[in-house]
Each structure stands twice: as structure tokens, then as C-alpha cells.
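Structure first, then comments.
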Amino acid sequence: MKHFVSQVYTTYVGLFGWLNWFSYISTVIFRPVVLVIIYSVLGRFAGSPDAVRSYSLGIAAYTMAVIILPGVTQCYTRDRSDGTLSFMFASPVNRVENYLARAVLHFPNGLLSFVSTLVAAWIMVGLDFSTVNWGGFIIGALVIAFSLTALGEFLGTFAIVFRDWSNIQTVFVGLILVFSGVIIPLDIYPVPVREIARLLPVTNGLVSLQNTFSGSPLADTVFPLLREAVTGLVYLVAGYLAFRTFEIAAKRKGTLEQETF
Amino acid sequence: MVYQLRALLASVVQQWKQFSTYFGNLGFFLATIPMAIIYTWIAMQKGDRQVLAYLSVGLPLMTVWSGVAFRIGYTLSSELSSQVLQFVYISRTPVIVVSLGKALAQVLWGLPMGIISFFVIFLMTRTLPEVSQPLALIVSLLLVIVGITVASLFFSPLMVLVGGRGGFFNTVIPFGLVLSGFVFPVDKLPVVLMVPARLMPTSWAMDGIRLSLTTGSTWADIFASWSLCLLSSVFLGVVTYAMFRIVEKRIRVTGTRDLY
């Protein structure tokens, strides 16, 4: 446990590039506020001044993605580019521990962004919290943050074998924005696209989040919530398998500083 | 002047070659295309043709600006951390000329992304913006490019002076989008945001674009927006130049290059 806690701390402090006061506060707290401003002014300009209220939950879930995914993937890209990954591979450290430790402190960052967005929406556009089923809503937010963290772990491991991997999280953040229902409802897409979209984090969890926000009992949306959790678990396990496979491949080919595949 | 122009072109070529070896962080340009899709979708809900026309032009420019501001912002500080900035200062070419060349290369590199963004929006709306003053639109677009270059260059010395580190642009870019006028005209903003927005040359140039898309707008209004765009570009350029001088002073005179 001591080793795990130590790795949680060192991987976060040493490899998270946004861990300085300006960047951290502006990214976690102010960026969500700016996003709410953009959507509310755009709504007013486009003739739907109230639209931002209906998008608020989606925007809040999206802000979790924009802090968690880059945060976790940085843990791998910087570990490789700064030359410290090879020391980890040379050490006998427990790989499961090391793999899981990299994500732990990014999880609360996502939740903080989520809360920050909702507070901004409450203050700026009067988002109404009077009917929220808080228990279900909080569980929904935690599960979405978990599945996003798991996706971050999965994507991050590819940095071991590919250079210039840092932008992949940008692509996934974009996919989540467009296809997970945060703004554009899923039902406008053809069925195959919808099914692919359900493989992304947020898509299923957001359904539960929206229902519990409007007061539905958690039991009514337990299926999408479970699916969100399973999606996260699959990414987490696949990420670990990739982590191990890529370590073996990079060592065998001696390509830690180059492209392995 | 001829030598400076030559240095400027050389700087454009150097930066261009650097991109072409590793595709110059395309992710920062690509990142805004999903955003453009979302903004267009929101506007399509009411389907106001003028709003859609404005976004058809503004959102591709947003794509260009986001990538360019990020990349330019890091140029001077990257040279500083790579220990090559001292050589730039030893050379007789003013560093602002070199940085301007790099900024131009960044804008050129970003333009295809803007075009892709335009096509994505066209595929969604299936309409091309109706232009009432084509000439005014072309000039306004050129002024937006000038505005993007000047506004992006502003961040280059700023990053060095404030010791901007990773994540500096995470809020700066979205906030820049609010103030730049690419997503909505800045007169839709609350007064507290409209005032700083009017210091951005792009906010005036986007007014020029809106006027060139609107039937019945007068040339006097268009000229006014162009003039104010140029005026704010000069203002921002002077501030940027002053910041470059401060950076130079730190290196040449006070020797506090590595202190913020």
C-alpha cells in the first residue's frame, strides 16, 4: 500500500504538466466557466437563449473529459519523452500497482471540473437543482469520471510504442464531444453510429445523469449506468494488457526511444 | 528593410520545414473541428440563415486561431528552454521579425484546417453563406488573418515574461474565442467582456465580415470596422514589441534570462 501511495504521488507530481497554480486553477475551475459563457452567448446569438440550460449536464460531463484524458495520457507521454519510463521498466515495481497509480489523482480533477461547470451554470444561467435525485446523480458523475479515467489509461499506454502520441487524446475528446450526446442527442445518428457511440465513455452514463437530475430514481437508469461502468472496466483491463504488451515489445526490440510498430 | 524581409521569409521557410517533418501538432487545429460541429448544430436548431452564414466563416477562422495561438505562444519560450534564444539575440535581425515570420508560417499551416472546418460546416448546413459584398468579405478575411497573426504573436513574449508553463493556454484559448468574435459578434457579450474584446483586432475584422454578409450594410460601416481593426492591430503590435524589448533586456542587460 505504501508503494502504491508513493507511486500515486510521484507519477502525479512528476508527470502532470498542468500542476502549477495558474494552469491548474485556470484549467479545472475557469475553463468550465468560460465554456458556459461561450454556450450561453452562442445560444442567445443563435436564437435559443435557454438552450445552455439543457446542455449544462453535457458540458459538465465534457469538462471531465478535457481534464482527465490529457492528464492521464501525459503521465505516459512525459514519462517516455523525459526518459524516466526506462527506469520504471528496469525496476521490479509491481506493474498493476504502477499502472493504476498513474490515474488516481486525475479522477478528482474531473469531478472538480464537473462541479465547477454546474456551479457556473447555476450562477450564470439559473440551472435548476430543485428536483435532483442527489444520490443517483452523484453515483452517475462518479461512474462517468471512472470510465473517462479508464479510457485515459488505455490511450496513455500507446505512448510507450508510438511517438507524438500526445494528440490522440485530442481526437478522443472530440469524439466524445460530438458522439456521446453531450450536446447533440444520440437519436439523430444512424443506429450503427449510435452503437459505436455507446462504446465511448460518457454516452451511457449521461443518460443516467440526465434522468437523475430531473428526479428519476436511480433504479430507472441502472442499465445505462452499469454499461458505463462496464465500458470503463473494459478500457481499464485492455489498457493494462497494452501496458504489459508494449513494455515487452519495446524491450525486445530496443525501441523505447523510437517507434516500436 | 530588404534584409529584414529576407529574414522574415527565411523564418517562414524554417518554420514550415520544421512542421513538415512532424506535422506541427495538427491536434491543436483538429481539436476545434468537433467544437465547430457542435456550435453549428446549436445554431441549426433555429436555422437563422444570418447566424449560420456568420458561423460558416467564423468557425473555420476559430480553427486557425486556436492552433496558431498555441503554437506561436510557445515559440520564444521553447527557444529559451532549448538554449537557442541567445543566438537569435546575438544576430542582428530583430527577434520580432523572426517571430513574425514564424507566426506567418503557422497561419499558413493552419489555413487548410480552416478549409476542412468550412467543408464540415457546409456538409452539415448544405448552404453556402450568402455574401452581399464579396470584395468587403475578402478584405475582411485578410484583416482577420492579420489580426490572428498579431494577436498570436502577443503571447510569444508574454509566455516568457510570465513564465507560462504547460497548460497555460487551456483557458487562454477558450477565453480568446469569447473575445475574438469568431463564434458570435462581440456586441452580444456583457459589457465587462465587450471592452477587452474590442482590443482584439479580430473582433473588428469579424464585424467587417458580418457587415459584408448582411444586405444593406454601408461601406462607411465596413471601412470603420477595418480602420478599427488596423488600429487595434497597431496597438497590440506596439504592446507586443514592448514585451519583446523587455525579454531582450532581460537577456542582454540584466542577465535574468532564467528568472521570471
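Quick rundown of the values:
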{"read-out": "Neighbours by Cβ (under 6 Å, 6+ apart or cross-chain): first from segment B:161-179, more than 8 Å from every other protein chain (Cβ to nearest Cβ); second part of a loop (DSSP other than H, G, I, E, B) and buried (at least 23 other Cβ atoms within 10 Å of the Cβ)", "value": "B:Leu179/B:Met200"}
{"read-out": "Answer from A:Gly215, A:Gly174, A:Gly205 - the residue that is surrounded by 22 or more Cβ atoms within 10 Å (Cβ to Cβ) and of a type outside the set (A, V, I, L, M, F, W, C)", "value": "A:Gly205"}
{"read-out": "Residue ID - nearest to A:Val72 (Cα to Cα), chosen from residues in segment A:1-27 that are within 9 Å of chain B (Cβ to nearest Cβ) and small (Gly, Ala, Ser)", "value": "A:Gly17"}
{"read-out": "Evaluation of B:Ile37 against (1) away from chain A (no Cβ under 13 Å); (2) in a helix (DSSP H, G or I) (one fails), failing number", "value": "(1)"}
{"read-out": "Residue satisfying condition, being modelled with pLDDT under 80, within 11 Å of chain A (Cβ to nearest Cβ) and surrounded by fewer than 24 Cβ atoms within 10 Å (Cβ to Cβ), within set B:Phe19, B:Phe28", "value": "B:Phe28"}
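The values are calculated or read from the model by the stated rules, or taken from the named source; none is laboratory data. Quantities reported herein were computed from a predicted structural model and do not represent experimental measurements. Note that we place each Cβ from the backbone using ideal geometry, even for glycine, and neighbour counts take in every protein chain shown.
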